[in-house]
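> Structure incoming, see below.
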């Protein structure tokens, strides 16, 4: 049984809220390109502190976008692609609704 669109969109809202911050979006992009990365790797070449990156990663983890992995004494962070796919599906549903609304408007105007 498919979930109603409103439930799907509500479930995706925390993903979009977490991705709404430029630093968190940059972290997600880095994790997409580099696999599991440490805080040191994620802060390299930036002015953002490790503590700030950790806080941003915890927000992303709370939304289910990333998770941490213990590798010895090191904590690595990894992307959860299923949550990104969920956000993509939500955007596709919104786009389909928009296309339908535009088609109805076009039909109305042409009559």
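> Assuming residue 70 fulfils every condition listed in (1) modelled with pLDDT of 90 or more; (2) assigned to a helix (DSSP H, G or I) apart from one, which condition is it?
Going through the list (1) modelled with pLDDT of 90 or more; (2) assigned to a helix (DSSP H, G or I), residue 70 breaks only (2).
> If you go through segment 52-111 one residue at a time, how many are within 10 Å of the chain's Cα centre (by Cα) and in contact (Cβ under 8 Å) with a residue 40 or more places away in the chain?
So the count comes out to 9.
Results for (1) closer than 17 Å to residue 83 by Cα; (2) part of a helix (DSSP H, G or I); (3) modelled with pLDDT under 95, shown as yes or no for each residue.
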| site | (1), (2), (3) |
| --- | --- |
| 2 | no, no, yes |
| 7 | yes, yes, yes |
| 14 | yes, yes, yes |
| 27 | yes, yes, no |
| 48 | no, no, yes |
| 55 | no, yes, no |
| 60 | yes, yes, no |
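The values are calculated or read from the model by the stated rules, or taken from the named source; none is laboratory data. Just so you know, these numbers come straight off a predicted model, no measurement behind them. So basically every Cβ, Gly included, is an ideal-geometry build from the backbone, and we count neighbours across all protein chains shown.
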